[in-house]
Amino acid sequence: MMRQIRQQWKELVEREILLYAKELLGTDDPVRELSIAVQTPPKPELGDIAFPLFVFAKVFRTAPNALAEVLRIRLGARTDLPEGDLLVAGPYLNVKVDVISLAGHLQQAVQAQGSGFGRNQTMAGKRVMVEFSCPNTNKPLHLGHLRNDSIGESISAILKANGAIVRKVNLINNRGVHICKSMLAYQKYGNGETPESAGIKGDHLVGKYYVRFAQWEKEDPTAMGQAQEMLRKWEDGDPEVLSLWRTMNQWTLEGVSQTYAKTGISFDQYYYESDTYMFGKDNVLKGLEQGVFYREEDGSVWIDLAEINLDKKVLLRKDGTSLYLTQDIGTAIARHTDWPFDSLIYVVASEQMYHFKVLFHVLQRLGHPWAKDLHHLSYGMVNLPEGKMKSREGTVVDADDLFAQLSLLAVEEIRSKDREDDVGDVAATGEAVALGALNYYLLQTNPTKDMVFNPAESISFSGNTGPYLQYMGARISSMLRKYESMREAHDDISFDGALLKIEEERELVKLIARYGESVEEAGRDLNPSAVATYLYELSRLFSKYYHDHQILKAETPQLVKARISLCAMVLQVLKNAYSLVGIPFLESM
RNA sequence: GCGCCAAUAGCUCAGUUGGAUAGAGCAACGGCCUUCUAAGCCGUAGGUCGCGGGUUCGAAUCCCUCUUGGCGUACCA
């Protein structure tokens with residue numbers, strides 16, 4: 001809503017500058033070439049919308065301060081201005097919006113739109129496919145996957161909130177040499193154990209054998225060759241290999257699904273590399289016929305990437321088996337056929353930037369016009385305070401372990417505060433708190449950046465954390481429950497924004513009005529941290545407000561009504577924002 | 001070597017796309033529970049925005065050099 005007000009004032013100021021130029025200089029041409037910036041002043045006293053006038057100083061040959069004064073007087077003389085006050089702050093012409101009327105509009109809008117408040121139509125009708133997670137079927141999920149999942153789920157929600165039609169897809173990496181490794185080790189050392197017999201989640205059991213292979217490989221130099229041989233058998237459709245493969249894949253996927261269920265991850269469609277890799281191969285061969293690729297003497301198929309200043313890249317091995325890139329070509333084409341998209345976003349770690357550069361180029365060379373609509377949402381590595389996670393050193397943080405640990409600590413926190421009775425289902429609440437903590441921690445940082453995951457900090461729950469944000473929602477909910485008992489006395493009183501005179505109240509109103517912009521920004525930049533930052537700002541302001549001022553015991557019933565309505569607005573915005581960054585809403589905690 | 005990305009308080013991160021006195025949290029220190037939940041609130045301290053140059057009325061933000069770190073440059077994924 002703030003956006004519209006801003007736009008309205010911008011047009012007015014722009015028009016006035018043009019008029020003034022025509023009067024003073026006889027022409028507005030030089031001004032037309034300049035564009036006026038719209039900003040938010042750093043302090044509330046300076047107003048809510050700022051127009052810096054530096055750029056116009058030259059044209060008018062006056063100091064920007066003087067120009068600001070002229071514009072203020074000229075605009076002030078108009079009768080068609082929207083509500084609000086104009087003020088000059090040095091070289092800025094600022095507008096103080098009318099908070100009272102803003103509060104009234106917002107109150108109606110929030111009430112009418114509810115969970116839809118903050119949504120916008122900037123991407124209306126656009127079909128966006130988002131690929132994320134993409135686990136291997138040879139090990140359980142770890143912290144790196146959790147960042148991927150958080151970003152993927154959040155971005156999908158954000159794009160939807162911007163009006164897009166979103167399809168979340170997962171690509172299961174269920175074939176290839178690495179998959180054969182765990183199978184081979186299982187054949188050799190498994191003794192027929194199953195998740196049931198071992199009492200281990202399927203993904204962890206398979207992961208155990210993937211690790212076992214690494215050990216075996218050190219002792220036996222033929223191990224790798226055997227894995228490659230197994231892959232050839234797999235591609236030849238060897239029944240025994242396929243049967244083991246199906247069994248172990250199933251184990252992993254069941255385990256991973258449980259993790260998804262706990263961490264709130266879901267997909268509209270699953271793709272499996274085992275289904276698409278042949279299709280990729282076909283397309284590579286087609287490209288070979290078209291002359292886009294070429295064949296080496298040993299039989300391998302290549303593309304020369306000199307066009308984009310890169311080296312040559314292999315697309316099919318000399319033994320004819322396909323590679324990661326081959327599969328991705330097939331998957332992309334299959335997807336566009338399945339569900340023609342306006343855009344496909346791959347949420348994949350930054351280490352694969354090169355891969356996607358090549359993939360997009362190959363698809364374009366193959367003549368797919370939609371190749372330009374592919375986008376790699378690259379996110380940085382997750383490191384630990386001690387440095388990189390290394391599987392060899394056993395420092396990889398397992399997703400299930402971490403989540404269990406966080407949940408346990410949340411439960412302890414609830415118990416230590418004697419909140420069991422208020423909370424109801426302690427275990428479920430603990431998990432909800434853990435999930436909020438985890439998602440917020442992972443989404444706070446701009447995806448493009450590497451980040452440090454400090455387990456101790458993520459579970460501390462004090463300061464700028466998910467639980468802090470959840471706590472605000474729970475506190476407001478608690479107040480609203482108490483308000484129910486005194487509601488009748490207030491039902492006939494209508495909301496009066498004019499009663500919200502305290503600075504924090506005015507700031508809250510304006511911040512609520514800006515929520516939609518943070519949703520837009522997050523969508524435009526594919527950056528959930530924009531919403532995360534907004535959420536924290538709103539929570540902190542509200543926290544200070546209700547700490548310092550009585551809501552339910554305010555002096556008059558009219559004031560109670562005004563304040564509790566403001567609280568309800570804040571709660572709705574919190575809920576809406578929570579849903580975009582994976583923070584579960586809790587009635588009490 | 002070449003390519004891509006990053007560098008902001010002791011630590012972890014924001015910074016409205018070039019604007020006003022660079023902000024939070026953690027850690028440290030000091031206050032605040034007879035009060036709508038103290039998972040909280042308030043205060044103190046902490047900065048050569050990696051270095052050097054350039055563009056501009058104006059730079060943490062844009063350009064160049066350098067330094068440091070990460071990633072990539074596989075017939076791995």
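The values are calculated or read from the model by the stated rules, or taken from the named source; none is laboratory data. Note that the structure is predicted; figures quoted are calculated from it, not measured. All Cβ positions, glycine included, derive from the backbone under ideal geometry; neighbour counts span all protein chains shown. Only protein heavy atoms, including side chains, enter the accessible area calculation; ligands, DNA and RNA are left aside. Shrake-Rupley method; radii C 1.70, N 1.55, O 1.52, S 1.80 Å.
A few notes on this one:
- Label point distance in nm, A:Glu229-A:Asp525, each placed 7 Å from Cα along Cα→Cβ: 5.5 nm
- Ranked by solvent-accessible area (1.4 Å probe, protein heavy atoms only, all chains present), the residues A:Phe54, A:Phe213, A:Phe495 order from largest to smallest as A:Phe54, A:Phe495, A:Phe213.
- With each label modelled as a point 7 angstrom along the Cα→C-beta vector, the A:Glu420-A:Ser35 pair spans 6.1 nm.
- For a paramagnetic label modelled on A:Trp339 (point 7 Å from Cα along Cα→Cβ), amide N atoms under 15 Å away belong, within the stretch A:256-274, to A:266-272.
- Here's how it looks for A:His142: its modeled amide H is under 5 Å from those of A:Ala399, which are all 5 or more places away or on a different chain.
- Under 5 Å, built H, 5+ apart or other chain: amide partners of A:Tyr272: A:Ile172
- A Förster radius of 25 Å, combined with the Cβ-Cβ distance separating A:Ala89 from A:Ser543, puts the computed FRET efficiency at roughly 0.30.
- For the stretch A:268-379, projected area of the alpha-carbon convex hull averaged over all directions, nm²: 7.3 nm²
- Ranked by the mean number of other Cβ atoms within 10 Å of their residues, highest first, the peptides A:420-430, A:556-566 fall in the order A:556-566, A:420-430.
- All aspartates and glutamates inside 19 Å of A:Lys417 as judged from Cα atoms, apart from same-chain residues fewer than 8 positions distant: A:Asp425, A:Glu431, A:Glu587
- HN-Hα J in Hz across the stretch A:421-428 - Karplus 6.51, -1.76, 1.60, θ = phi - 60°, x for Gly and Pro: 5, 5, 7, x, 7, 5, 4, 5
- Extension gain, A:Asp298 to A:Asp496: 0.36 nm times the residue separation minus the Cα-Cα distance gives 63.2 nm.
- Residue pairs, from the table A:Lys160/A:Lys388; A:Lys262/A:Lys372; A:Lys544/A:Lys575; A:Lys43/A:Lys449; A:Lys313/A:Lys449, whose Cα atoms sit over 25 Å apart: A:Lys160/A:Lys388; A:Lys262/A:Lys372; A:Lys43/A:Lys449; A:Lys313/A:Lys449
- Square roots of 5 times each gyration tensor eigenvalue, C-alpha, chain A, largest first, Å: 52, 35, 18
- With R₀ set to 45 Å, the beta-carbon distance separating A:Ser485 from A:Glu193 gives a calculated FRET efficiency near 0.15.
- Under the Debye formula (equal points on every Cα, no solvent term), log10 I(q)/I(0) of the stretch A:191-233 at q = 0.16, 0.23, 0.27 Å⁻¹: -0.53, -0.84, -0.91
- Residues listed by number, the stretch A:489-523, amide nitrogen under 17 Å from A:Thr556 label point at 7 Å toward C-beta: A:489-502
- Heavy-atom accessible surface of A:Val382, to the nearest 10 Å², is about 10 Å², with a 1.4 Å probe and all protein chains retained.
- Label point 7 Å beyond Cα of A:Ile308 along Cβ direction - residues of the stretch A:377-417 with amide nitrogen under 16 Å: A:377-378
- With bins 10 Å wide beginning at 0, the percent of Cα pairs of the stretch A:2-97 falling in each bin runs 16, 55, 27, 2.
- Per residue, the average separation of C-alpha pairs within less than 8 Å and at least 6 apart gives the stretch A:268-379 a relative contact order of 24 percent.
- Per-residue HN-Hα couplings for the stretch A:397-406 [Karplus 6.51, -1.76, 1.60; θ = phi - 60°; Hz; x = Gly/Pro]: 7, 6, 4, 5, 4, 4, 5, 5, 5, 5
- Carbon and sulfur %, accessible surface of chain A computed with the full protein complex present, 1.4 Å: 49 percent
- With all protein chains kept in place, the per residue accessible area of the stretch A:268-379 amounts to 46 square angstrom at a probe of 1.4 angstrom.
- Rolling a 1.4 Å probe over the protein heavy atoms gives the stretch A:1-91 an accessible area of 56 Å² per residue.
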